[in-house]
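This report refers to the structure that appears directly beneath it.
Throughout, read-outs are computed from the coordinates displayed, never taken from laboratory work. Computed from a prediction, not measured in an experiment: that's the story for all the values here. Every residue, glycine among them, receives a Cβ derived from its backbone with ideal geometry; neighbour counts consider all protein chains shown.
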Amino acid sequence: MTARRSAPPLLGTAREWAIDLTVGVGIGVLLGLMGPFGSFFNDNPPLRMAYWIGTISSGMVFFGIVTRLAAAGARRLGLPDWAMVPPVILIGSAVQGLPLRAVAIAIWPQIDHAVPPLEWYGQCLAITSPIVLAYYFLRVRPLARRPAREAMVPVEAPAIAADPGAVLYLRMEDHYVRIRTEHGSRLEIGPLARVTAGLSGVEGLQVHRSWWVARRAIAEVERDGRNLHLRLVDGEKAPVSRASVAKLRAAGWLAQENPL
């Protein structure tokens, strides 16, 4: 029997954050001593180190959270997780750069005239890029590859329930499948095809790359322009992919469509 696994924390573990922030403090001390971007001439080393430690540590927290959330959002949209890297760098540098510029000017007023905003943004990009890339390759990418490696190991289809007929729908959540039954829900390691293998004999169809729905779980079929959704008995809405419309129509599921 397959052991049940709990979903890994979306925003990382306490151990990962402890390591990341320790590294951030170390980098901040080093930059404070080196004084990049002309900051070497700004006041004394302790003040420079305090500024750089705060800058790098806050950047680690901000980009650690944003990079993880953006990667999860990209996967939900069917995009490769690396597609989020450029927008996170470009937009995140501006979002974090504005308050940091205000802090730097408060400490060293001459920066307001010595470093124009566009030049400041370029410096932020230079600092942000390695932070985001490090988070992607060290934190996000390994997490995305782990379920793929696990999927290569032959395992039994999970025991969905004592009564598979109690299943209402299956929904992908990152690399896990949420199994919704009449009695509640739980997570099972994916992929979706492996979990649906335990539903033989249940009348249902995969209506989207991330959804499998039992026919009896459908309360109403809703059409919004060219988009179809299945409103389910628990209030959830399952999207219907365009590739699945013909399959559902042939099965007689779309006989009564309710235009929104």
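Debye calculation, C-alpha points only, no solvent: report log10 I(q)/I(0) for the range 14-151 at q = 0.17, 0.21, 0.22 Å⁻¹, in the same order as the q values. Taken in order of the listed q values, log10 I(q)/I(0) reads -0.92, -1.26, -1.34.
Placing +1 on each Lys and Arg Cβ and -1 on each Asp and Glu Cβ, with no other charges, gives the chain a dipole about its Cα centre of roughly 680 debye. Taking Cα centre as origin and charging only the Cβ of basic (Lys, Arg, +1) and acidic (Asp, Glu, -1) residues, the dipole magnitude of the range 14-151 rounds to 640 debye. Principal axis extents of the Cα atoms in the chain, from largest to smallest and rounded to whole angstrom, are 74, 45, 28. Overall size of the range 90-141 from C-alpha positions, given as principal axis extents largest first: 41, 17, 14 Å. Using the alpha carbons alone, the radius of gyration of the range 164-259 stands to its Kirkwood radius in an Rg to Rh ratio of 0.94. Most simply put, the range 164-259 has about 90% antiparallel DSSP beta bridges, counting only bridges with both residues inside it.
The magnitude of the dipole of the range 1-93, with charges of +1 and -1 set on the Cβ of Lys/Arg and Asp/Glu and taken from the Cα centre, is near 440 debye.
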